[in-house]
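Let me begin by presenting the structure, written as structure tokens, before commenting on it.
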Amino acid sequence: MSLQALVWDVDGTLADTEEAHRTAFNQAFAERNLNWRWGRETYSELLAVSGGKERIAYFLQRLSVREAAFARPLIQDLHARKTAIYETMVGTGRVRLREGVARLLTESAQAGLKLAIATTTTLCNVEALLTANLDKKILAWDVIVAGDAVPRKKPEPDVYLAVLEQLGLEPSQCLAIEDSRNGLLAASTAQIPCIVTPTEYTAREQYQGALAVLDSLGEPDVPCRSITGASLTHHFVDVAQLRTWSEEYDQPTTTL
């Protein structure tokens, strides 16, 4: 089947957001007089857990803080404050789209491809990033599935299955764009071919089964680099390249 839709992850994929998220978490901790600070190495480890509230809960467990009655409201409070801090950062222009993203989104919409988002971040985080970086008059999203809209987060496939249902398309008619192993696992389990553009925080992860792994999507004047998987026909990713990859894709038979 021909390519009909692109399904985008948000954090790390549309924009390299993780350093802003880390900063916002640390500010929220400091405002609540908590002696916690997530350094880059710690945060890189915590990214294996999808979802901000889940990340805090996992961190508390590592500190041997049980999920007692006080812990649940603490997690909710910290996450709400962190989200507010992050939205302010995005709104003031501190988080920008990655190389090639705005161009490829515009080209895809003009080519008639449907555009969807499948993410584990909260809807308000998604809306803040899109509002700050994209003109709604030019680009409209067909489906956005975010945050707690599904019972299980990545690497489970729930968010992608929800997107497929709302789009009314088969997995082979879609292509996912991710930045992490958890995202690749989620897309692949839903049988959607996936390309990966890792960030500093996910560069050391393993991406067996990805259609292609690239350092970015590139621009006509800023070449991207192929890391593994399907080769580029020129030095940036455009709709023609995505259609070629989609047509040549064979569903992997190995376990990720």
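For the chain, which longest stretch is free of loop sites, where a loop site is one of the GluC sites (Glu not before Pro) that DSSP puts outside H, G, I, E and B and that has at most 12 other Cβ atoms within 10 Å? The segment 68-199 is the longest one with no such site. If each Cα of segment 24-86 is one equal point scatterer, what is log10 of I(q)/I(0) from the Debye formula at q = 0.13, 0.27 Å⁻¹? Log-scaled intensity ratios, in q order: -0.30, -1.44. In nanometres, what is the gap between the two model label sites at Ser231 and Glu45, each 7 Å from Cα along Cα-to-Cβ? My value for the distance between the label points is 4.1 nm. This model, with +1 at the C-beta of Lys and Arg and -1 at the C-beta of Asp and Glu, gives the chain a dipole about its Cα centre of some 900 debye.
In segment 3-108, carbon and sulfur make up what percent of the accessible area (probe 1.4 Å)? Heavy-atom surface of segment 3-108 belonging to carbon and sulfur, 1.4 Å probe: 47 percent. Once the Kirkwood radius over Cα pairs is known for segment 1-135, the Stokes-Einstein relation at 25 °C and 0.890 mPa s delivers a diffusion coefficient of 151 µm²/s.
Two tests apply to each whole DSSP H helix in the chain, Cα reach of 18 Å or more along its axis and mean Kyte-Doolittle hydropathy of at least -0.5, and the ones passing both are 71-91. For Ala140 and Arg37, a Förster radius of 41 Å and the Cβ-Cβ distance give a FRET efficiency of 0.55, rounded to the nearest 0.05. Between Gln61 and Ala240, residue separation times 0.36 nm minus the direct Cα-Cα distance comes to 59.7 nm. Summarising the strand pairing of the chain, around 25 percent of its internal DSSP beta bridges are antiparallel.
Our summary gives segment 108-218 a relative contact order of 19 percent, counting only alpha carbon pairs under 8 angstrom and 6 or more residues apart.
Normalised by 2.2 N^0.38 Å, with N the number of residues, the alpha-carbon radius of gyration of the chain equals 1.00.
The values are calculated or read from the model by the stated rules, or taken from the named source; none is laboratory data. Quantities reported herein were computed from a predicted structural model and do not represent experimental measurements. Here Cβ is always computed from backbone atoms with ideal geometry, including for glycine, and neighbour counts include all displayed protein chains. With ligands, DNA and RNA removed, areas are computed over all heavy atoms of the protein, side chains included. Shrake-Rupley method; radii C 1.70, N 1.55, O 1.52, S 1.80 Å.
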